[in-house]
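The values are calculated or read from the model by the stated rules, or taken from the named source; none is laboratory data. This one's a predicted model, so the numbers in the text were calculated from it and none came from an experiment. Note that each Cβ is placed from the backbone with ideal geometry, even for glycine, and that neighbours are counted across all protein chains shown.
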There are 2 protein chains.
Amino acid sequence: MSDLPKHVHVQEEGPREGFQIEPGPIATADKIRLIEALAETGLKHIQVCSFVSPKIVPGWADAEATVEGFKARPGVHYTALWFNEAGLNRALAFRDKLTIGGSISLTASEGFTKKNLNRTHADNLAAMRKQTAAHLANGVAVTRIGVMAAFGCNYQGDISPAQVVKTIEDGFAIAEEAGVTITDLSLADTMGWAIPPRIERTIAEVRSRWPDKRITLHLHDTRGLAVANAHAAIKLGVDRFDATVGGLGGCPFAGQKGAAGNICSEELVLLCEEMGIETGVDLDKLIEVGRMAEAIVGHQLPSELIHAGSLDAFRRQAA
Amino acid sequence: MSDLPKHVHVQEEGPREGFQIEPGPIATADKIRLIEALAETGLKHIQVCSFVSPKIVPGWADAEATVEGFKARPGVHYTALWFNEAGLNRALAFRDKLTIGGSISLTASEGFTKKNLNRTHADNLAAMRKQTAAHLANGVAVTRIGVMAAFGCNYQGDISPAQVVKTIEDGFAIAEEAGVTITDLSLADTMGWAIPPRIERTIAEVRSRWPDKRITLHLHDTRGLAVANAHAAIKLGVDRFDATVGGLGGCPFAGQKGAAGNICSEELVLLCEEMGIETGVDLDKLIEVGRMAEAIVGHQLPSELIHAGSLDAFRRQAA
């Protein structure tokens, strides 16, 4: 148990992941309300929106209005997502309010790259070279390599740790060419293929190759295994996870339209806190925000914990 | 990894757990349809009903009609639940069709015993002595000690491994007095308090005391941690789990009316099969039965996997 981290960083992505996939329009005021409530829970990283084409993602047509609207809490990093230079420029308009960092975003499955981005892996590498240059030209540091579909892919099947390592190598080649220093590697189980032993093997391979890089896991609960996967990673010392309050989000890929979203932030916090690992998050407050998220989207969210309540609430009653 | 079992036994309790808690009346024909479909998946243990007072559990007023109605598949053990001699007698009417075994059912939390059964722990021990005698008088073997609330309790808070050991000792005292041989210990996380380290500690304590007894875990997914808990137990060699298709069931205790049910059978099967552990269950068929269960109850069930589909289905498409 000596590998257990002392602190786990929960990087909240509920607003961005959740509101891009909800079918109904969500009022900008509700998005702002959720972002502000999340910041009151002790979360230090909140991804607030996507700067994407409103034609492709109508749910984020109000990205600017949302970022303008929320009151920032000191000490909280608010981030956003973008996929091209147009999106980057929209984000840069808010560089005083948002924490803007660049990422080299790759996919371990060429099948996914083709279906999702309509690019070959080589095309995608070229696009990432161009995007890295754009980041640097705008004074945005590029410190992260992200790998989507790192544990399996609906279009290509299983993904081996060797394919993940190869993909990260491609990212390092782009970084080296551009003269940037990568500190962080992010592995995403985009379509919910991970199981604990696969998490363990992939992390072991990536770590043995790049022992000094920090690893973030982006887990989806598509098949109900996200918490088990997080637990396996925590036992190996992984201390950074993307997560969404209430389990907001989904999986729009290949016949999974009804599928669950990301790992629930509050279930991850419960797991950590019960294991004696700090998160800095007030779980009872976070559960309340999960209930708020459920009320905002107007349908049941996958989080079980927001329906059951925390253990501490029952401990207080029992005492 | 040498403790991993080769085979995990999934003991399906969906019909019994699910239909006792659903608010709407479920047609007997639908119950029968689900039981018969479950038997086609390769599951070898299916708990089909509760013989309880229809005043207390109206959902099982048709227990007899259900057991009479389904066509038994050879090689499948159909079981039932009862809490007193009246229930036992109703079950015994079907001893040719049902596998009838006796259990000494205790609770590690006196707070729960009082609230749920309106008995002290001492009263409950007396009731179990009486019930064991009734089992034996009817030629029913008593081979199992069950412990509810083995990981925590909404009324009493945390439950220590020592309390679980003490409760099992009480069960062994009853067994010895009655001259029966216990082969199985069943630990239930009745209200969803377990986390992986608590599972590991409790199993370690119970095993060090009774190394030759088989352990079954009955897990609830009340706070989203059931699969992580099962994984922790499997890594310790635990190879018997109660589970419910679709995650049928719930938790009627103490302000958890909206809470999730048991660990989903199909998510447990997915975990095992992907870890290379046999279950004898056809996962794609089981997912179809989960969808059938969802259609029968008429609302979304907690299982994520029935909404996403199996990995093998995507592997076949990708190949």
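Residues are listed down the side, and each one gets a yes or a no for (1) assigned to a helix (DSSP H, G or I); (2) among the hydroxyl-bearing types (Ser, Thr, Tyr); (3) more than 24 Å from B:Arg240 (Cβ to Cβ):
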{"position": "B:Arg90", "(1), (2), (3)": "yes, no, yes"}
{"position": "B:Ile100", "(1), (2), (3)": "no, no, no"}
{"position": "B:Arg119", "(1), (2), (3)": "no, no, yes"}
{"position": "B:Lys130", "(1), (2), (3)": "yes, no, yes"}
{"position": "B:Tyr155", "(1), (2), (3)": "no, yes, yes"}
{"position": "B:Val164", "(1), (2), (3)": "yes, no, no"}
{"position": "B:Glu169", "(1), (2), (3)": "yes, no, no"}
{"position": "B:Ile174", "(1), (2), (3)": "yes, no, no"}
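Just so you know, in region A:230-255 the residues that are under 25 Å from A:Gln300 (Cβ atoms) and assigned to a strand (DSSP E or B) include one that is farthest from the other protein chains (Cβ to nearest Cβ), and it is A:Asp242.
Does B:Gly224 satisfy being touching a strand residue (DSSP E or B) at 6+ places or on another chain (Cβ under 8 Å) and either on the phi > 0 side of the Ramachandran plot or not assigned by TED's automatic domain parsing to the domain that holds B:Gln131 (or both)? Yes.
Evaluated against (1) at pLDDT 95 or above; (2) not in a loop (DSSP other than H, G, I, E, B), B:Gln317 falls short on exactly one condition, (1).
Return yes or no: is A:Gly258 over 19 Å from B:Arg223 (Cα atoms) and facing chain B (nearest Cβ under 7 Å)? Criteria met by A:Gly258. Considering region A:190-211, the residues that are over 21 Å from B:Ile234 (Cβ atoms) and either of a type in the set (Phe, Trp, Tyr) or crowded, with 21+ Cβ neighbours inside 10 Å (or both) include one that is farthest from the other protein chains (Cβ to nearest Cβ), namely A:Trp210. When region B:176-197 is filtered for residues that are touching a Ser or Thr at 6+ places or on another chain (Cβ under 9 Å), part of a helix (DSSP H, G or I) and not aliphatic (A, V, I, L, M), only B:Glu177 remains. Checking each residue in region B:212-229 for being more than 8 Å from chain A (Cβ to nearest Cβ), outside any strand (DSSP E or B) and buried (at least 24 other Cβ atoms within 10 Å of the Cβ) picks out B:Ala226, B:Asn229. Against the test of being assigned by TED's automatic domain parsing to the domain that holds A:His9 and under 20 Å from the mean Cα position of the chain (by Cα), the options A:Leu185, A:Leu217, A:Leu248 yield a single qualifying residue, A:Leu248. For region A:86-102, indicate whether the set of residues that are more than 23 Å from A:Phe51 (Cβ to Cβ), surrounded by fewer than 16 Cβ atoms within 10 Å (Cβ to Cβ) and more than 14 Å from chain B (Cβ to nearest Cβ) is non-empty. No: zero hits.
Candidates in region B:143-160 are the residues that are surrounded by fewer than 22 Cβ atoms within 10 Å (Cβ to Cβ) and within 20 Å of B:Thr183 (Cα to Cα); of these, the one that is farthest from the other protein chains (Cβ to nearest Cβ) is B:Thr143.
Within region A:94-152, the set of residues being among the hydrophobic types (A, V, I, L, M, F, W, C) and at positive phi comprises just one member, A:Ala149.
The set of residues in region A:40-60 that are at pLDDT below 95, assigned to a loop (DSSP other than H, G, I, E, B) and not basic (Lys, Arg) comprises A:Val52, A:Ser53, A:Pro54, A:Ile56, A:Val57.
Taken over region B:125-142, the criterion of being of a type in the set (S, T, N, Q) and either over 25 Å from B:His220 (Cβ atoms) or surrounded by fewer than 21 Cβ atoms within 10 Å (Cβ to Cβ) (or both) is satisfied by B:Thr132, B:Asn138.
Could you say which residue among B:Ala259, B:Ala226 is at pLDDT 95 or above and under 30 Å from B:Asp30 (Cα atoms)? Going through B:Ala259, B:Ala226 in turn, the sole match is B:Ala226. Among the residues making up region B:37-61, those that are aliphatic (A, V, I, L, M) and in contact (Cβ under 8 Å) with a residue 12 or more places away in the chain are B:Ala37, B:Leu38, B:Ala39, B:Leu43, B:Ile46, B:Val48, B:Val52, B:Val57. Against the list (1) touching a Ser or Thr at 6+ places or on another chain (Cβ under 9 Å); (2) within 30 Å of A:Asp312 (Cβ to Cβ); (3) not polar (S, T, N, Q), the condition B:Glu200 fails is (1).
Is it fair to say A:Phe94 is of a type in the set (Phe, Trp, Tyr) and either at pLDDT below 95 or touching a Ser or Thr at 6+ places or on another chain (Cβ under 9 Å) (or both)? So A:Phe94 fails the test. Of the residues examined, A:Leu271 is one that is under 21 Å from the mean Cα position of the chain (by Cα), at the interface with another protein chain (Cβ under 9 Å from one of its Cβ atoms) and either buried (at least 24 other Cβ atoms within 10 Å of the Cβ) or closer than 24 Å to B:Gly247 by Cβ (or both). The condition (being of a type in the set (Asp, Glu) and under 20 Å from the mean Cα position of the chain (by Cα)) is satisfied by just one residue among A:Glu68, A:Glu22, A:Glu64, A:Glu85: A:Glu22. A:Leu34 falls short on exactly one of the conditions (1) within 19 Å of A:Val245 (Cβ to Cβ); (2) outside any helix (DSSP H, G or I); (3) in contact (Cβ under 8 Å) with a residue 40 or more places away in the chain, and that condition is (2).
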